[in-house]
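Presented below is the structure to which this report refers.
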Amino acid sequence: MEKNKVGIIGIGSYLPEKIVTNKELEKMVDTNDEWIRSRTGIVERRILDEDKATSFMCIKAGELALKDAGLCPEDIDLIIVTTITPDMAFPSTGCIVQRELGCTNAAAFDLEAACSGFLYGMSVAYGYINSGIYKNVLVISADALSKIIDWKDRNTCILFGDGAGAVVMSKVEHGGILAIDIGADGKGAEYLKQPAGGSLYPATHETVDQRLHYVQMEGNGVFKFAVKIMDEASKKVIQKSGLELSDIDYLIPHQANIRIINAARKRLKMTEDKVFVNLDKYGNMSAASIPVALDEALKKGNIKNGDNVLLVGFGGGLTWGSCVLEWHR
Ligand code: UT7
């Protein structure tokens, strides 16, 4: 019995119903289906309804994770929502989710680490649970990038999609997190940003006219960073876990670009059947990408009890995170 490990005891995810295909994007910007497929691997993405916000997806995914864990809302001690598209600047989306889920005993906050949000959220939850401060932590990673994307910018609008994934973390008797690691390099902060809307450039008519409330990205810079860090962060966390590369049974990478995933897979010497890919259906869902992929991989039976699963991602900040999880339910 390994009584002291922290693990996932419930998982759930939510995807909006509305699908936008590459063909539909051809009508909006100067792009084409072939370019998007070959350069990114994306075929279609889900888009949240105009009248709904990130908290809507968080609540749906959170409910499923609670049900899967067999817990009541009152059992949750802390809610961490990781997002870069909160409903509003404040109150936190975490507080809105706490109210709607009825988690009356839970503290709640938002954590912003862009696409690395899930691994950041997991590592914070891990610390709280390991230290004995909290017993059950609900980590929800959700993003509605469609709300902050410039639908006239072909460099970004083809990449992203909306969704949410949630896990309940607690102490587990078998398996659990063997190692987790997060990192940041603020020197790359300019690569990926939403410049206006904060205290630097509060919303004015000028900031709106200049389209500064939309995501701006230097794709090539992010690409190069991603290929390097996916490899380095994976190897570092594997070493920390005491395992060897060959002990990893399954890889859940951040779903940003199939070329980044394949580069990481090759460097980690893993075969295609050991790597989960769903970005063809959903695009890059930012913080939601890893938990949604984990949920789907589990539901498809790709991960068996006892498997060592590597989660690895990167994102704006620049940030990254990696985790080795021994799966047991
Ligand atoms: O979670 C983190 C979020 N961000 C990322 O993960 C982004 C990482 N970066 C990438 O995935 C890739 O850099 C992109 C998919 C964004 C771009 O792919 P690329 O292979 O780096 O293309 P590129 O930017 O070097 O552009 C190649 C060509 C250019 O034309 P010229 O100069 O060769 O004539 C672009 O203007 O492709 C053109 N282009 C497009 N063409 C059709 C750029 N975007 C498009 C487009 N459709 N949407």
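Quick notes on this structure:
- Tally, over the range 57-85, of residues that are open to solvent by 60 Å² or more (accessible area, probe 1.4 Å) and free of Cβ contacts under 8 Å to residues at least 40 places away in the same chain: 2
- Residues of the range 276-329 classified as of a type outside the set (G, A, S) and more than 15 Å from the chain's Cα centre (by Cα), total: 18
- Matching residues, the range 218-261, being open to solvent by 50 Å² or more (accessible area, probe 1.4 Å) and within 16 Å of the ligand (Cβ to nearest atom): E218, N220, F223, K224, K228, R259
- Within the range 41-136, helices (runs of 4 or more DSSP H) holding 1 or more residues that are more than 16 Å from the ligand (Cβ to nearest atom) and touching a helix residue (DSSP H, G or I) at 6+ places or on another chain (Cβ under 6 Å): 54-69, 93-101
- Test result for K52, among the basic types (K, R) and either touching a Phe, Trp or Tyr at 6+ places or on another chain (Cβ under 7 Å) or under 28 Å from V167 (Cα atoms) (or both): yes
- For first residues located in the range 247-259 and assigned to a helix (DSSP H, G or I), partners that are among the charged types (D, E, K, R) and within 11 Å of the ligand (Cβ to nearest atom) and lie 6+ apart or on another chain with Cβ distances below 8 Å form the pairs R259/R39.
- Residue that is surrounded by the most Cβ atoms within 10 Å (Cβ to Cβ) [pool: residues in the range 171-208 that are outside any helix (DSSP H, G or I), within 16 Å of the ligand (Cβ to nearest atom) and small (G, A, S)]: G183
- If you go through the range 137-170 and pick out every residue that is more than 13 Å from the ligand (Cβ to nearest atom) and either under 16 Å from K60 (Cβ atoms) or modelled with pLDDT under 95 (or both), you end up with 12.
The values are calculated or read from the model by the stated rules, or taken from the named source; none is laboratory data. Everything quoted here is computed from the prediction, not taken from an experiment. Note: ideal-geometry Cβ built from the backbone for every residue, glycine included; neighbour counts use all protein chains shown. The protein model used for the area step is the full one, side chains on, heavy atoms only, and it has no ligands, DNA or RNA in it. Shrake-Rupley method; radii C 1.70, N 1.55, O 1.52, S 1.80 Å.
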